[in-house]
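First the structure, in the form of structure tokens, and then the observations on it.
No value in this document is a laboratory result; all are computed from the given coordinates. Model, not experiment: these values are computed from the prediction. Glycine gets a Cβ as well: all are built from the backbone with ideal geometry, and neighbour counts include every protein chain shown.
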Amino acid sequence: MKDIFQNDSEIVSAIKSGGLHRNNAISFIYKNQKTFSRVKHFISSWKGNSQDAEDIWIESILVLDRKIRNDEYDGGNIYGFVFGISKGLWRNKLKKSNKMDLVEEPALMDSVDENDPEQLFQTNERIAVLKKMLEELGEECQKILNLWKLNYKMKEIAEMLNLSSDNMAKKKKHQCLQKLKEKAKFFKSQL
């Protein structure tokens with residue numbers, strides 16, 4: 001298993017080959033602290049925090065992955081490309097949030113406090129509940145849903161999880177999503 005890549009073309013080849021090679025290449029990019037630090041600095045200087053930077057970093061890597069697999073990557077420096085994607089995603093997010101601020105009713109805007117401990121607690125509580133629901137689905141469902149969320153193709157998921165076909169992976173994904181929806185409905189009914 002290869003975990004160190006000598007150049008960008010090796011990373012691109014690994015992503016295109018799929019499976020574990022793709023996983024290793026994405027992980028290799030994700031662990032690049034130099035570029036992540038640049039992204040974090042950019043976002044913090046434009047009204048963002050470290051969680052925003054982490055979210056944008058992950059989203060940027062997913063965009064890069066999709067562009068490489070769809071032959072839309074132009075072959076430039078991968079880290080420069082990811083940084084450029086990060087900047088664009090963050091600017092778009094800021095534009096959207098500014099537009100939303102202009103549309104919201106003033107009374108609603110006054111009642112929302114982002115630093116309100118109760119709202120933060122509720123958000124953290126929702127995240128904890130979602131994690132618990134995912135854990136209750138079982139290891140196979142967690143793996144399938146995580147790989148699907150990372151834009152893996154059903155064929156790749158089937159190979160990684162030793163399923164008989166991509167149709168079996170689709171069926172399992174559908175079943176796992178249904179279980180998750182049922183758990184969410186049950187939880188909501190308990191409130």
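Brief remarks follow.
- Cross-link table LYS87/LYS173; LYS16/LYS149; LYS16/LYS87; LYS47/LYS131, entries beyond 22 Å C-alpha to C-alpha: LYS87/LYS173; LYS16/LYS87; LYS47/LYS131
- SER17 paired with ASN167, simple spin-label distance in nm, labels 7 Å along Cα-to-beta-carbon: 3.0 nm
- FRET efficiency, 1/(1 + (r/R0)^6) with R0 35 Å, evaluated for ASN151 and PHE187 via beta carbons: 0.80
- Full extension of the segment from SER97 to LYS67, taken as 0.36 nm per residue of separation minus the current Cα-Cα distance, would add 8.2 nm.
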